Structure formats: C-alpha cells, structure tokens
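The values are calculated or read from the model by the stated rules, or taken from the named source; none is laboratory data. Source: prediction; values computed, not measured. As a convention, Cβ positions derive from the backbone with ideal geometry for all residues, glycine included, and neighbour counts pool all protein chains shown. The accessibility values were calculated without ligands, DNA or RNA, using every heavy atom of the protein model including side chains. Shrake-Rupley method; radii C 1.70, N 1.55, O 1.52, S 1.80 Å.
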Amino acid sequence: MYIQSYNIQNSYLTCRLPEGTRNYTLVDKNKVDCFVSQKEAAIPYLTNILAYSNNEAEVVETLHIVNSMLDNGVKGIEKMYPVLSRFNNTTSPNIQTYLAGIYRKTQTPDAFGPLVKMLIQNSLHPQNANFDPNEEIGGAILSYISDRFRNQPQK
C-alpha cells in the first residue's frame, strides 16, 4: 500500500495555504488518511520530503500529515526532530504553526529553545498573516512548562 500511494500521489488535490479571508490550510483528506493509515511505515517517506523540500505548500502538507499521525497515536514521530529542526528558523507562519503543534505533542526537549526563539522573533518582527502563529507557539511553550512542573514532586 505504501508504494501504491506513492505512485498515485499526483492524483491527490494540491495543498492550498491560507489566503484572503481563509485562515486555514486546505489539504486532501484522502491523502492524509492514506499516510496516517500506513502508520510508522510512512515515516521514512515523510522524513525524506521534509529533508529536501523547499516548497512551502509541500512542507505544510507534510507537517499536517505528521500532526495527524500524532493525533492517531503513531509511534516514532519524536525521532523526526533532526529533520523537523531544519525549519526552526523559518519565518513562515504556516510552517511555524504546524511545527509548534508537533513539538507540543512530542515534547522533544531540544525543541523548547527554538519555540522561544520563534516567539521572540515574531514579536520583534510581526508578520502579515491571516492568523497569529504565536498562539500555537505560545501554547506549545506553556505545554512544555506545564508538563515539566506536572512531573516534578511537590516540595
């Protein structure tokens, strides 16, 4: 099934980034479901896309798939941090939002600093976007802090 989805990928609808009054990304649900159903077997293919793609829509779509895989309990996503970290310095609010959501769910320790850096850079250089990526970034930071204190014994 993995190879089959790779061969028919071109028949899927193209990812559409937020524009105009639409503040959300449009993705092909069938494509997302196809990759999510493949679970851990899809991770190498998605990792390859994230390692080499410079196309924002393709990266956002892939991050959306990874996020959906997390929602469906797919194991091993946290091991993707080295390739995900390639986008830690992005100024794209679309990529930042998905990246922060993934980091919030994986709680990868190395991602905390880049999240703080994103929040500070966005505060210093506000972007003209259809939505505020700082909401997701700030939520991810709070989740890290909350989980850290939740796991500490009370003194």
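What to note about this one:
- Residue satisfying all of: in region 40-52; open to solvent by 10 Å² or more (accessible area, probe 1.4 Å) and under 14 Å from the mean Cα position of the chain (by Cα); nearest to residue 88 (Cα to Cα) among these: 51
- Index of the failed condition, residue 130 passing every other in (1) at pLDDT below 95; (2) farther than 22 Å from residue 28 by Cα: (2)
- Test: residue 109 is closer than 18 Å to residue 67 by Cα, in contact with a Pro (Cβ under 8 Å, 6 or more places away or on another chain) and not hydroxyl-bearing (Ser, Thr, Tyr): no
- Criterion (under 22 Å from residue 15 (Cα atoms), part of a helix (DSSP H, G or I) and in contact with a Ser or Thr (Cβ under 8 Å, 6 or more places away or on another chain)) met by exactly one of 63, 50: 50
- Total residues in region 17-39 satisfying the condition of being out of contact with any helix residue (DSSP H, G or I) (no Cβ under 8 Å at 6 or more places or on another chain) and open to solvent by 80 Å² or more (accessible area, probe 1.4 Å): the figure is 6.
- Search result, residues across region 98-119 that are of a type outside the set (Phe, Trp, Tyr), in contact with a Leu (Cβ under 9 Å, 6 or more places away or on another chain) and part of a helix (DSSP H, G or I): 99, 100, 101, 102, 104, 105, 106, 111, 114, 115, 118
- Pairing each residue of region 45-72 that is without any contact (Cβ under 8 Å) to a residue 12 or more places away in the chain with any residue that is open to solvent by less than 70 Å² (accessible area, probe 1.4 Å), provided the two are 6+ apart or on different chains, yields C-beta distances under 6 Å for 53/59.
- Qualifying residue in region 66-87 (condition: closer than 22 Å to residue 22 by Cα, open to solvent by 70 Å² or more (accessible area, probe 1.4 Å) and not in a helix (DSSP H, G or I)): no
Quick grid of which residues meet (1) in contact with a Phe, Trp or Tyr (Cβ under 7 Å, 6 or more places away or on another chain); (2) among the hydrophobic types (A, V, I, L, M, F, W, C); (3) farther than 26 Å from residue 15 by Cβ; (4) without any contact (Cβ under 8 Å) to a residue 12 or more places away in the chain:
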position: 83; (1), (2), (3), (4): no, yes, no, no
position: 87; (1), (2), (3), (4): no, yes, no, no
position: 92; (1), (2), (3), (4): no, no, no, no
position: 123; (1), (2), (3), (4): no, no, yes, yes
position: 142; (1), (2), (3), (4): no, yes, yes, yes
